[in-house]
Amino acid sequence: MADPLVAASRRAVLKGVFVSAFVLGIEFATARVAVAAEQGRGGFPFAPDAFIRLAADGEATLIMPQVEMGQGIYTGLTMLIAEEMDLAMDQISLEAAPASDALYGNPIFKVQATGGSTSMQAWWLPMRQAGASARAMLVAAAARSWKVDPAMLRTEAGEVIHEASGRRAGYGSLAALAALQAVPAEVPLKDPSTFRLIGKSHRRMDTAGKVDGSVRYGIDAMPEGVRFAALAISPVAGGRLISVDEKPARAVAGVEDVLLFDDMIACIASNSWAAMKAIAALEPVWDDGAFAALSTESLRAGLEEAAKGKAVVAKAIGNADAELAKDGTIELAFRFPMLAHAPMEPMNCTVHVRGDECEIWVGTQVMTMTQRAAAEELGIAPERVNVHNHLIGGGFGRRLEVDFVRRAVRVAGRSASPVKIFYSRELDIQSGMYRSIYGTWLSARLENGKPVAWRHRIVGPAIIARWLPPGFDGRIDNDAVDGAAEPPYDFPNFRAEYIRHELPGIPTAFWRGVGPNVNIFSVEVMMDALAEAAGRGPLEFRQDLIRSHPRARQVLDLAARKAGWDTPLPGGGPRRGRGISLQFAFGSYLATIAEVAVDDDGNVAVPRIVTAVDCGVLVNPDQVRSQIEGGVIFGMTAALHSDVTIRAGRVVQSNFHDYRVVRIDEAPQVDVILVESAEKPGGIGEPGTVSVQPAIANAVHAATGQRIVTLPIDRNLLARNRV
Amino acid sequence: MTRIEINGEVREVDAEPDTPLLWVLRDMLGLTGTKFGCGIAQCGACTVHVAGAPLRSCQLTIEAIGNRPVTTIEAVGATSAGARIQKAWLELDVVQCGYCQSGQIMSAAALLASNPEPDDRAIDAAMAGNICRCGTYVRIREGIKRAAAHG
């Protein structure tokens, strides 16, 4: 295992979470000390740490280290602080954290990043400690002022109460005195049996502005004097602008400037429409460069070639290779397409460069990376870059990247006004960063109907090596093997191995579900193939192999029961089937049962999904449910539709008409079963996306007999009477 | 100058006649609740009501609006259907990232105004033009039914 402090994969995270609990004291103390120096910041009389600001009127402002992009984390983190601090939820407002790894770095990544379903895993203890510590200081203040033993005081909904004398004081009235109390070295956390908030569904705190249009995303930032810039970007990665006649763009009413860069063109205008029209009026001549001939076929051929190389072992038990050299080995090879994230809010970033300082308005999953990228482009110190983060109109991994920030800074660096660059949807799809193609090769052998050996080979890029270099040990990308190295099944001989293969000419990135999307799909489809070979049902075959994982067994049984696994599906009409998937990833156990109906043309409909979830403590149960409902639909899109292809170095798809996503008329009924648990929280933003894909594939097999080893599912394979 | 009636107010805008309403709302009138998602009427994020009908403002030029009154997300709460949809959306925590929800709410409110008790089929038909990448469709269906029940 790599140094746990730099581990950044889900697999490592699982271990890292335990580590975090220990290093947390240090980190949290650092944050406190740093903030203590600027106590009273913003006029708040009580600001005991980086997260809590208490006003004299009792209103609290909590600083959110993680970004809200729909996953409900603002509400979840708030509940953690409010629980331990005994704050009233209706006296809290929230602010996005400024850029600071020291104060707001994700305890798992060590940088200020929201991704990998880590937020609740990372902050479960630090946020509670922050709340408990602040509470202890408020209690100490009341005890001093009333000259009573602090042990005789209790707190509730923003008040300290002394039962014996009937005295009560609102937190606000104690704020100034609390600030003078010593920060407790150690503070006990509540016994979970006394939780008032954690475990009970609480309404999201970010919804009011999202239903009346008043919320401001990055794209809505309108600093005084802002100009709007549309871009043309070299359609081939690494391509260069040779020439362009600027006149047609400059002739568009409202256009103020046309800026040429070696790899892009920016048209700056008084409104977005004029900027877009100006870009459309141009006929730039590009030198496509080294990747002019790149195609999906050449990329796939490169992957196949790389797969013949030597793999590094992520985990081995016994001697799988020897067992798998024997007769009767079952093999499946899986192929995964490139994917775009296509968040509904297109990439955008508003930048004002003033001399040696820079102000940025953006929605980003990576505050400090954004700050550093801008500083680097301008050749100034990161502290000179002031980043205002916003609620995010969809991240899915795309906003873990700062390519668009760099472009915005380059454009704004040549303008006196603040400039908002925004991508058209076409640019979003065609000049994005992509989930890579991946290949996996699985081999297994059965004896007496049980697997005696299992091998899982993954070939694909090491995103972590670029995104968080300290998180890469030079051999294994822990994300790339996540879901392969620690299956919930007991195999006596086991080998998970990895071959790193970087795609030429394609910028690759994390994508909701990350490594487990690829690996758990492979594992779960392979499990169905083995069950078939063993003459067993997919459910009982799995049940037999998870004896050492009671939490896996529980979700599997719950999902099967709820889905009516043993009941017949309606006859007549389209071919119908049910499929199972089971997983342990992101610290959470999920079992999903998909029901599909496949028509004569091979179209797959998914009328129903049942998912049982054990993600440890359910901090905000309704938001766990919501993440599964949405994650399932995100994964359905990947299973059924999404495929970014390359021709002549260019992305072929351009907008939602040819980069199809699931719409409401395809959306299934989603039944979510939540398991009450006292285990520490696991992640929940991504598991549903992962879980649904193999469940659909296995259901399609049940309906049609076609084993699905390539995504998206090719309906031509499923059509009846195909020519 | 073009005169358009938006949210009950007549506004004069200095925009080229071919400018889509979306950009007039966002860049010129400060009504940023209406969202840009695709620019080709494929996603519905920019949905507004024009004389009560849900239209994609990214494809609707200001010269094509004429005298028809425009309602945006900022004012849809003043209509009975809009208010009921917003309330149901809050009660059920329909939203996730929220970016598409202005458009979802505008489409849902228009549906409810024309069909007080839509079933799943009617909901799917009316809402299929609005993409939600977070996948809130399950709750959108539920939200519309709840809003209908409050009618």
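Report yes if some residue within segment A:427-447 is closer than 30 Å to A:E540 by Cβ, of a type in the set (D, E, K, R), assigned by TED's automatic domain parsing to the domain that holds A:R553 and in contact with a Lys or Arg (Cβ under 6 Å, 6 or more places away or on another chain); otherwise report no.
For segment A:427-447, residues closer than 30 Å to A:E540 by Cβ, of a type in the set (D, E, K, R), assigned by TED's automatic domain parsing to the domain that holds A:R553 and in contact with a Lys or Arg (Cβ under 6 Å, 6 or more places away or on another chain): absent.
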(message) Any residue in segment A:148-171 that is over 16 Å from A:P188 (Cβ atoms) sitting within a Cβ distance under 8 Å of a residue that is among the polar types (S, T, N, Q)? List the pairs, counting only those 6 or more apart or interchain.
(response) A:V148/A:S165; A:G158/A:Q91; A:I161/A:T155; A:A169/A:S145
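Per-residue answers, yes or no, for (1) over 30 Å from A:F195 (Cβ atoms); (2) among the charged types (D, E, K, R); (3) assigned to a loop (DSSP other than H, G, I, E, B):
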position: A:G635; (1), (2), (3): yes, no, no
position: A:A639; (1), (2), (3): yes, no, no
position: A:H657; (1), (2), (3): yes, no, yes
position: A:E676; (1), (2), (3): no, yes, yes
position: A:P681; (1), (2), (3): no, no, yes
(request) Please state which of the following conditions A:A175 fails to meet, knowing it meets all the rest: (1) under 28 Å from the mean Cα position of the chain (by Cα); (2) away from every other protein chain (no Cβ under 13 Å); (3) among the small types (G, A, S); (4) not in a loop (DSSP other than H, G, I, E, B). (result) (1)
(message) Among the residues of segment A:395-404, are any under 26 Å from A:F261 (Cβ atoms) and touching a helix residue (DSSP H, G or I) at 6+ places or on another chain (Cβ under 6 Å)?
(response) yes
(request) Please find, among A:V226, A:V252, A:V236, the residue that is within 34 Å of the chain's Cα centre (by Cα), within 12 Å of another protein chain (Cβ to nearest Cβ) and of a type outside the set (D, E). (result) A:V226
(request) Taking the residues in segment B:49-85 that are touching a residue at least 40 places away in the same chain (Cβ under 8 Å), closer than 18 Å to B:V13 by Cα and in a strand (DSSP E or B) as candidates, determine which candidate is farthest from the chain's Cα centre (by Cα). (result) B:T61
(request) Identify, from the list A:A185, A:A229, A:A176, the residue that is at pLDDT 95 or above and out of contact with any Cys (no Cβ under 8 Å at 6 or more places or on another chain). (result) A:A176
(message) Can you tell me which of (1) touching a Pro at 6+ places or on another chain (Cβ under 9 Å); (2) at positive phi is the one A:M433 doesn't meet?
(response) (2)
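Test of understanding: among A:D428, A:D479, which residue is of a type in the set (D, E) and part of a helix (DSSP H, G or I)?
On inspection, the qualifying residue turns out to be A:D428.
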(request) Identify all residues within segment A:111-161 that are surrounded by fewer than 20 Cβ atoms within 10 Å (Cβ to Cβ) and among the basic types (K, R); write none if there are none. (result) A:R144, A:K147, A:R154
(message) What's the total number of residues in segment B:100-122 that are more than 7 Å from every other protein chain (Cβ to nearest Cβ) and either over 19 Å from B:I73 (Cα atoms) or among the small types (G, A, S) (or both)?
(response) 15
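Step by step: first the residues of segment A:193-220, then only those that are basic (K, R) and facing another protein chain (nearest Cβ under 10 Å), then the one that is farthest from B:C100 (Cα to Cα). Which residue is that?
Per the criteria, the residue is A:R203.
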(message) Suppose the filter is closer than 21 Å to A:Q365 by Cα, surrounded by fewer than 24 Cβ atoms within 10 Å (Cβ to Cβ), of a type in the set (G, A, S) and in the same structural domain as A:S201 (by TED's automatic domain parsing); does A:S93 pass it?
(response) yes
(request) Go through segment A:174-224 and give me each residue that's without any contact (Cβ under 8 Å) to a residue 12 or more places away in the chain, crowded, with 18+ Cβ neighbours inside 10 Å and among the polar types (S, T, N, Q). (result) A:T207
(request) May I ask you to say which residue of A:D622, A:D671, A:D599 is surrounded by fewer than 24 Cβ atoms within 10 Å (Cβ to Cβ) and either among the β-branched types (V, I, T) or within 25 Å of A:Q706 (Cβ to Cβ) (or both)? (result) A:D599
(message) Take A:F291 and tell me if it is away from every other protein chain (no Cβ under 14 Å), in contact (Cβ under 8 Å) with a residue 24 or more places away in the chain, within 30 Å of A:P694 (Cβ to Cβ) and aromatic (F, W, Y).
(response) no
(message) Looking at the structure I just gave you, is A:E532 of a type outside the set (G, A, S) and modelled with pLDDT under 95?
(response) no
(request) Among the numbered conditions (1) part of a strand (DSSP E or B); (2) within 27 Å of B:A125 (Cβ to Cβ), tell me where A:I593 comes up short. (result) (2)
(message) For segment B:70-89, check the following and say yes or no: at least one residue is at negative phi, more than 9 Å from every other protein chain (Cβ to nearest Cβ) and touching an Asp or Glu at 6+ places or on another chain (Cβ under 6 Å).
(response) no
(request) Any chance you could count how many residues in segment B:121-136 are outside any helix (DSSP H, G or I) and either farther than 24 Å from A:G393 by Cβ or polar (S, T, N, Q) (or both)? (result) 2
(request) Might you let me know whether segment A:393-408 holds any residue that is in contact with a Lys or Arg (Cβ under 8 Å, 6 or more places away or on another chain), in a helix (DSSP H, G or I) and within 14 Å of chain B (Cβ to nearest Cβ)? (result) no
(message) Can you confirm whether A:V661 is away from chain B (no Cβ under 11 Å), under 27 Å from A:A699 (Cβ atoms) and crowded, with 19+ Cβ neighbours inside 10 Å?
(response) no
(message) Given (1) within 11 Å of chain A (Cβ to nearest Cβ); (2) free of Cβ contacts under 8 Å to residues at least 12 places away in the same chain, identify the lone condition not met by B:V94.
(response) (2)
(message) Among the residues in segment B:16-31, are any in a helix (DSSP H, G or I), over 12 Å from the mean Cα position of the chain (by Cα) and away from every other protein chain (no Cβ under 11 Å)?
(response) no
(message) Criterion first (at the interface with another protein chain (Cβ under 9 Å from one of its Cβ atoms) and not hydroxyl-bearing (S, T, Y)) does B:I144 satisfy it?
(response) no
(message) Looking only at segment A:565-590, how many residues end up being β-branched (V, I, T) and assigned to a loop (DSSP other than H, G, I, E, B)?
(response) 1
(message) Given the criterion within 13 Å of another protein chain (Cβ to nearest Cβ), in a loop (DSSP other than H, G, I, E, B) and in contact (Cβ under 8 Å) with a residue 60 or more places away in the chain, identify the matching residue among A:G631, A:G616, A:G685.
(response) A:G685
(request) Please specify each residue of segment B:128-140 satisfying the condition of being facing chain A (nearest Cβ under 7 Å), on the phi < 0 side of the Ramachandran plot and without any contact (Cβ under 8 Å) to a residue 40 or more places away in the chain. (result) B:A128, B:R133, B:C134, B:Y137, B:V138
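The values are calculated or read from the model by the stated rules, or taken from the named source; none is laboratory data. Note that the coordinates shown come from a computational prediction; the quantities given were computed from them, not determined experimentally. Because the Cβ atoms are built from the backbone with ideal geometry, glycine has one as well, and the counts that use them run over all protein chains shown.
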